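> Sharing a structure, written as structure tokens. Questions coming.
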Amino acid sequence: MIPILYGMPGSLYTGKVRCYLRKQRIPFEERIAGDPRFMNEVVPVVGRWIVPVLQTPQGQILQDGAMIIDHLETLPQLGPRAAPVDQVLRVVAHIFEMFGGEGMLRPAMHFRWNFDETNLAFIKRDFLNSLAPGKQGAEADMAFAFASGRMRKATLSFGVTSQTAPTIEHAYQEFLELFDKHLETTPYLLGSSPGYGDYGLVAALFAHLARDPYPSQLMKRVAPRVWRWVERMNAPDADAGEYLGNAPEWIDLAQPCESLDALLRFVAEDYLPEVEAMVRFTNEWLAERPDLAAGSNGMPRPGDRHIGMMKFEWRGMPIEVMVMPYRILMLQRIQDSAALLNAQQGAVLKALLTRTGLQRLLEISCHRRVEREGHLEVWGPAQH
């Protein structure tokens, strides 16, 4: 038997896991979320409708891209591991893992759902292929209207509005140009092989921004090296012939790397304000619930993923987004990795984050940890 990956070709988080499986040359079977086996056998175990889900050859069910990759990292490897050898680079990789999977949701959702003239026919067929295969006519229209309606509503909850759209477009193009420049000398984010940071970034940059017609054209025009990186991330081999074997195995943080610093400064400007606001909101939310039981998400339904809506200032304008404890979990991955550094490594990391404006990522913290229990995000014990 081989692993079974449940997801969708157009699913942001499915792409993260699919790329990892391909890079590891792990044979797997991909099944769509519209497969009856997903609803009948997987959703009851996971406790909610969500992708990706990996079913191991032993029958174990794993949900969430980061958790799936963490599990696969413990197995014998055919390809390069997702965790860089250098401990400081691991922290950097987790920063981009969080930013790619969570911080890039605004451009991902905006460029998918706000360009119907170019995108809609493709998206409709893509969604129906995955969610309602075989349906035709009015039945297919109803199925797509339901699925797309939920996604358009989610787009608003990520802060995508007519007021924020121009700034989202400007910021995304800036990111493309910075990443394209960085890829001049390295085929992957931190060296000659992909890591957690690449898998985090490819989530949005492949499924939404390289497959959907409108943003695909934009990426090819503005950032052809990023387009090639997306292709490379979906290939089982290194697929880096244009570098002629001259790329470093890993970036040496002891040497200046202005293109990496520029990307980190972008993260500081574009996403750090949201992370700080999220932690403040969450701590206030927890303070109002001093008796919240450990192992609970504190919401009416165990599968609920957000605890409320928060307002903060993003790039000089007010914005409102939903607060998801899962993002606290991703922040913890960064901080837990940083906590393992020795004094010398910590000094290198501090210098890097200080000059790029990201030191606050290691200083802000939630009053309670987020844990995963039964495939769901729950609150850990109260910290005294």
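> Can you find a residue in region 54-64 that is more than 20 Å from the chain's Cα centre (by Cα) and small (G, A, S)?
Yes.
> Could you check region 320-340 and list, in sequence order, the residues that are farther than 16 Å from L353 by Cβ and β-branched (V, I, T)? Spell out how you get there, then give the answer.
Kept after step one, since they are farther than 16 Å from L353 by Cβ, are these residues of region 320-340: 320-330, 332.
Across region 320-340, the qualifying residues are V321, V323, I328.
> When you check L218 against the structure, is it crowded, with 22+ Cβ neighbours inside 10 Å and within 19 Å of E177 (Cα to Cα), yes or no?
no
> If you don't mind, another one. Output yes when any residue across region 24-35 is closer than 25 Å to G197 by Cα, assigned to a helix (DSSP H, G or I), touching a residue at least 60 places away in the same chain (Cβ under 8 Å) and not hydrophobic (A, V, I, L, M, F, W, C), and no when none is.
no
> Then there is this: Would you say Y6 is in contact with a Phe, Trp or Tyr (Cβ under 9 Å, 6 or more places away or on another chain) and part of a strand (DSSP E or B)?
Criteria met by Y6.
> Test each condition in (1) of a type outside the set (D, E); (2) surrounded by fewer than 18 Cβ atoms within 10 Å (Cβ to Cβ); (3) more than 20 Å from F96 (Cα to Cα) for P273 and report the one that comes out false.
For P273, the exception is condition (3).
> If you check A294, A347, A338, which single one turns out to be farther than 28 Å from V53 by Cα and surrounded by fewer than 16 Cβ atoms within 10 Å (Cβ to Cβ)? Show your work before the answer.
Working: A294 fails: farther than 28 Å from V53 by Cα; A338 fails: surrounded by fewer than 16 Cβ atoms within 10 Å (Cβ to Cβ).
Answer to the check: A347.
> Same structure, new question: Look through L105, L21 and report the one residue that is in contact with a Pro (Cβ under 9 Å, 6 or more places away or on another chain) and either among the hydrophobic types (A, V, I, L, M, F, W, C) or outside the structural domain of L209 (by TED's automatic domain parsing) (or both).
Selected residue: L21, the only one of L105, L21 that is in contact with a Pro (Cβ under 9 Å, 6 or more places away or on another chain) and either among the hydrophobic types (A, V, I, L, M, F, W, C) or outside the structural domain of L209 (by TED's automatic domain parsing) (or both).
> When only residues in region 140-178 that are outside any helix (DSSP H, G or I) and over 17 Å from the mean Cα position of the chain (by Cα) count, which is nearest to L12 (Cα to Cα)?
Of everything passing the filter in region 140-178, V160 is nearest to L12 (Cα to Cα).
> Could you tell me whether Y188 is assigned by TED's automatic domain parsing to the domain that holds M109, in contact (Cβ under 8 Å) with a residue 60 or more places away in the chain and either out of contact with any strand residue (DSSP E or B) (no Cβ under 6 Å at 6 or more places or on another chain) or within 22 Å of A262 (Cβ to Cβ) (or both)?
Judged against the criteria, Y188 is not a match.
> State whether the residues of region 239-253 include one that is out of contact with any Pro (no Cβ under 7 Å at 6 or more places or on another chain), hydrophobic (A, V, I, L, M, F, W, C) and part of a helix (DSSP H, G or I).
Scanning region 239-253 turns up no residue that is out of contact with any Pro (no Cβ under 7 Å at 6 or more places or on another chain), hydrophobic (A, V, I, L, M, F, W, C) and part of a helix (DSSP H, G or I).
> Another question, then. Return the residues of region 106-145 that are surrounded by fewer than 18 Cβ atoms within 10 Å (Cβ to Cβ), under 20 Å from L209 (Cα atoms) and free of Cβ contacts under 8 Å to residues at least 40 places away in the same chain; say none if nothing qualifies.
D116, E117, L120, A121, R125 - these are the residues of region 106-145 that are surrounded by fewer than 18 Cβ atoms within 10 Å (Cβ to Cβ), under 20 Å from L209 (Cα atoms) and free of Cβ contacts under 8 Å to residues at least 40 places away in the same chain.
> Checking the conditions here, which among D86, D64 is touching a helix residue (DSSP H, G or I) at 6+ places or on another chain (Cβ under 9 Å) and at positive phi?
After ruling out the rest, the residue left standing is D64.
> Checking the condition loosely packed, with under 14 Cβ neighbours inside 10 Å and under 19 Å from A287 (Cα atoms), which residue from P325, P381 passes?
Every option except P381 fails the conditions.
> Please enumerate the residues belonging to region 83-133 that are assigned to a loop (DSSP other than H, G, I, E, B) and more than 30 Å from T356 (Cα to Cα).
Once the filter is applied, which keeps residues that are assigned to a loop (DSSP other than H, G, I, E, B) and more than 30 Å from T356 (Cα to Cα), region 83-133 yields N114, F115, A132, P133.
> Which residue out of M299, M309 is surrounded by fewer than 19 Cβ atoms within 10 Å (Cβ to Cβ), under 26 Å from A171 (Cα atoms) and of a type in the set (A, V, I, L, M, F, W, C)?
M309
Residue-wise test of (1) within 28 Å of S296 (Cα to Cα); (2) of a type in the set (S, T, Y); (3) in contact with a Lys or Arg (Cβ under 9 Å, 6 or more places away or on another chain).
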{"position": "V17", "(1), (2), (3)": "yes, no, no"}
{"position": "L21", "(1), (2), (3)": "no, no, no"}
{"position": "P27", "(1), (2), (3)": "no, no, no"}
{"position": "D35", "(1), (2), (3)": "no, no, no"}
{"position": "M39", "(1), (2), (3)": "yes, no, no"}
{"position": "A66", "(1), (2), (3)": "yes, no, yes"}
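> While we're here: Look through I319, I334, I328 and report the one residue that is over 21 Å from A66 (Cα atoms) and among the β-branched types (V, I, T).
Values: I334 fails: over 21 Å from A66 (Cα atoms); I328 fails: over 21 Å from A66 (Cα atoms).
After ruling out the rest, the residue left standing is I319.
> What number of residues within region 361-372 satisfy the criterion of being among the charged types (D, E, K, R) and surrounded by 15 or more Cβ atoms within 10 Å (Cβ to Cβ)?
Of the residues in region 361-372, 3 are among the charged types (D, E, K, R) and surrounded by 15 or more Cβ atoms within 10 Å (Cβ to Cβ).
> Also, I was wondering about something else. Out of (1) modelled with pLDDT of 95 or more; (2) under 28 Å from L156 (Cβ atoms), the odd one out for P302 is which?
It fails just one condition, (1).
The values are calculated or read from the model by the stated rules, or taken from the named source; none is laboratory data. This is a predicted model, so every value here is computed, not measured. No Cβ is skipped: glycine too gets one built from the backbone with ideal geometry, and neighbour counts run over all protein chains shown.
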